[in-house]
Every structure is written in C-alpha cells, then in structure tokens.
Amino acid sequence: MADDQSHDFGFDEELVRRLSHLLKETDLSEIEYETGGHRIRVARQINVQATAPAAPAQPAPAGGEPASAPKPGPEATAEQVPPGAVTSPMVGTVYVGPDPNSAPFVQVGDQVSEGQTLLIIEAMKVMNPMPAPRAGTVTQIMISDGQPVEFGEPLLVLE
Amino acid sequence: MTHPARTLDLPPAYRLRAHDALPSTNDEARRLVRAQDAGHGTLVWAQEQTAGRGRRGRSWTSPRGNLYVTAVLRPNCGIGEAAQLGFAAALALVDVLGDLMPQQTQVRLKWPNDVLVNGRKVAGILLETVVDSDGTFQALLLGLGVNIAEAPSDTAFPATALQWERAGRAIRPEELLAPWAEHFLVWTNRWEQDGFAPLRRRWLTHAHRPGQRLRVRLPNREVHGSFHDMDDRGGLLIDTNRGRERLSVGDVFFAEPGAAPGSGQG
C-alpha cells in the first residue's frame, strides 16, 4: 500500500503543523497518521549533519529567488527523495558493512569514488554490493544495519 | 602431478578456471568479471580456500578435500529472478547425492538452498551480484561449498561431511564437480524454458513439510512459526501467531519439539 498522493487527498497544512509540533514535543523521529484511507507521515532526521543543509522540499523556480534555508526541525515528507540520494534498486535488507563485526563501508563525511561499495542489500539470499554511482561525499545516511528497505527508498546522500 | 582439472569432463557450456588455492573463489570470480574475463558459465574452482566465506562475512572452513567452486552466471533477467538459480544449484546437488550416497541416506533442503544430509548441513551456496556503478547487473556469482572430507564442528546449524555419512573410499572433489555441473546445466535450462515452477515443485519434495515448526533468524528479529509454502518467487511463507509472513532473508532453524508454538517474534 503506497502512500496515497492522489488528487482527492486535500493537503491539510494544519494537520502537518500539529503533527510536526507533536514530533518536536515528543522527540520522536516519525509519526504516521491514517484516517479514511488517507495516510500522512511526518518525519524528521534527528542526526542531521550541520554541514549538510537539507535540500528544499521543492526545487526553486527558475529565475526565482534563491531557495530559502530549510526550516529547522520537522519537515513533512511524502517519501521525498532528497537530491543526491542513492536509492534502493530493490526490496531487501540493507547492511552497512561486510559483516556485523566490521566497520561500515562508508560513514558521513567520507569521500567515495565511483564504483566504491556503499552498502550491501540482501534480497532472496543474494548479496548485492551497491556501488557508488559517482564520486562524492557522503553527507547523510538514512538507514541502519539490518533494516528492511523498499524499492526506491533513499539510502544515503552523496553530494 | 597431474592437476585434477586435466581429467575433468565438463559440458562445453562451461569454462573451467582451476586453482590449487585461492583466498575465495567468489572473490576471484568477481575479479575476473571486473576484468571482463569471465563469460557465462565460467567455473572458478580451488582445492582449498584460505579466506573462504559464507553469508554476512562468516568464515567457511575450506581445507583440502572439499569442493569450492564459483559459477559466473549472466542470465538474461534481473537480479530478483537470477536469485532462483540458487535453487537450481541446490537441486543439482540433491540429484548428485542421490546417485553418490547410500540408498537410505536422507537428502533434504533447508530454505532456501542449504543441502542437508541426514539432518546436517553438508553444502552452502553464497550468491553475490556484480553490479556496475550505473546500476547495470553484470553477473551473478554462485559460490558452492560442499563438505566432502571435512566439516566444521562449531556452526550454529550442525554440519557434516559426505565422507562421514558413507563407507568406502574417499570421494575426490572433481568426482562431485563434474556431475554437479551436468545437473546444474539441466536445471538452469529447465528454468530458462519453464521458469521457476518446476524448480519449486522439486524443491518442495525435498524440503519442509507444511506445518513443520521453523525458527528464522533475521538481521534484527526472529520469527517463529510453521512452514506454509514456498511462493512462486522463492519466498518462504511462514504462519506465525501474527499471521502469515513472507520472508526473503534469514537463517532457518528447526524449532525443537518442545518449543512453545507461535511464540512470536523477538
């Protein structure tokens, strides 16, 4: 069941605002609320790196004013994929290192070269090492070791 | 001394790369794929591995006398479907052991592709992909390890060696490799023509019975339940007290008879 973004789902700004407040108040990272077949999820990254400002939710219109700095704190996400994100090509289980006792392949702040292994995704008992699609710096890691991931789910950000 | 590869009669679909010792046949196969030196059907075979490994970096005890081979496969499909070749490899070994082992030997499969002889693990399959940086699926590396002469004694699931389960002279690794390669070719051809259904049917005749209690260790939890079925893509369907779950990862253990039924998930 995918998050529904069809046209009849009126965007309830007030609800998002209330949930955002609730997030901050409770120090949770995510709230999901479902009613009448509509589902809304409000999430925030607790370990946001100070060096890596999150990208604006909407691309700035061409010729318009420069994108304003993102609001700190909660941010409504409808499974948004941040720019520079490396997404999962499959449904599976993600591993951050070659085995449970080894250091992770990459950490926030690491420079990686194209083709370097970032993560392993296991699906149907097949180990799939995920190569870096390009050279860059890892600015954010969105998953934890052993976590199930969906197709298209952002795994980490490479800038 | 003549290398055993000289006398090995493999179907022409294969190209054999025989080594005395390698750190890991899967690693060597990956190196060959990266160097564009391993077409579909390349078999990397070593008499021993100095850094043999299993799933999640677990070491795979690899002394001389056992079989260590990695098949480089470049099937005309996506990664998800290619995973089904692991079943073809396990079924091929079941066929071979049917011929090789004494008649009363119990040969079983443990989801997805562990081969058990008389209730103990005798072979493991390690599947890894080689993917380009642009996401192109290059090859599936199918590593097969069969305990012929030796088996480790300290594994989570009890292990055995073929030689311990039969009387008579020692089996040489090449005596297993050649017929396995034959049967594997038959199963992969079958899979290419008719899909996964015939593999699934055959697998079910050698695997779990419906209702059999299983415990599956996942990366961050454990699932207890009873075996329901294997679905048409190779997923394990297990009935838990929270309902039916489909698993695509995890290590299967057989629950002890006295274990509480449906004791949930850890």
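So is B:Leu204 buried (at least 17 other Cβ atoms within 10 Å of the Cβ), in a helix (DSSP H, G or I) and at pLDDT 95 or above or not?
It is false that B:Leu204 is buried (at least 17 other Cβ atoms within 10 Å of the Cβ), in a helix (DSSP H, G or I) and at pLDDT 95 or above.
Of the residues B:Ala18, B:Ala5, the single one that is touching a His at 6+ places or on another chain (Cβ under 7 Å) and away from every other protein chain (no Cβ under 14 Å) is B:Ala18.
Any residue that is away from chain B (no Cβ under 14 Å) and either modelled with pLDDT under 55 or on the phi > 0 side of the Ramachandran plot (or both) - is there at least one of those in segment A:115-125? Within segment A:115-125 (the criterion being away from chain B (no Cβ under 14 Å) and either modelled with pLDDT under 55 or on the phi > 0 side of the Ramachandran plot (or both)), the answer is no, since none of the residues qualifies.
Can you pull out every residue in segment B:53-82 that is assigned to a loop (DSSP other than H, G, I, E, B), of a type outside the set (D, E, K, R) and under 29 Å from B:Glu192 (Cα atoms)?
Those that are assigned to a loop (DSSP other than H, G, I, E, B), of a type outside the set (D, E, K, R) and under 29 Å from B:Glu192 (Cα atoms): B:Gly54, B:Pro75, B:Asn76, B:Cys77, B:Gly78.
Just a yes or no: is a residue in segment B:128-146 on the phi < 0 side of the Ramachandran plot and more than 14 Å from every other protein chain (Cβ to nearest Cβ)? Among the residues of segment B:128-146, at least one is on the phi < 0 side of the Ramachandran plot and more than 14 Å from every other protein chain (Cβ to nearest Cβ), which makes the answer yes. Taking the criterion of being at pLDDT 95 or above, outside any loop (DSSP other than H, G, I, E, B) and under 16 Å from B:Ala167 (Cβ atoms), the residues of segment B:89-120 that qualify are B:Leu97, B:Val117.
So that you can scan it fast, the table gives a plain yes or no per residue for (1) in contact with a Phe, Trp or Tyr (Cβ under 9 Å, 6 or more places away or on another chain); (2) in the same structural domain as B:Val94 (by TED's automatic domain parsing):
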position	(1), (2)
B:Val130	yes, yes
B:Ala156	yes, yes
B:Leu162	no, yes
B:Gly168	no, yes
B:Glu175	no, yes
B:Asn189	no, yes
B:Ala197	no, yes
B:Gly225	no, no
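A single entry from A:Pro133, A:Pro148, A:Pro129 fulfils the requirement of being facing chain B (nearest Cβ under 10 Å), closer than 14 Å to B:Asp132 by Cα and either touching a residue at least 40 places away in the same chain (Cβ under 8 Å) or crowded, with 20+ Cβ neighbours inside 10 Å (or both): A:Pro133. Of the listed requirements (1) facing another protein chain (nearest Cβ under 9 Å); (2) modelled with pLDDT of 95 or more, A:Val106 misses just one: (1).
Could you please find all residues in segment B:36-67 being of a type in the set (A, V, I, L, M, F, W, C) and within 14 Å of chain A (Cβ to nearest Cβ)? Once the filter is applied, which keeps residues that are of a type in the set (A, V, I, L, M, F, W, C) and within 14 Å of chain A (Cβ to nearest Cβ), segment B:36-67 yields B:Ala51, B:Trp60.
For segment B:135-147, a tally of residues being assigned to a loop (DSSP other than H, G, I, E, B), in contact with a strand residue (DSSP E or B) (Cβ under 9 Å, 6 or more places away or on another chain) and surrounded by fewer than 22 Cβ atoms within 10 Å (Cβ to Cβ) returns 1.
The values are calculated or read from the model by the stated rules, or taken from the named source; none is laboratory data. This structure is a prediction, so every number in the text was calculated from the model and none was measured. Cβ: placed from backbone, ideal geometry, glycine included. Neighbour counts: every protein chain shown.
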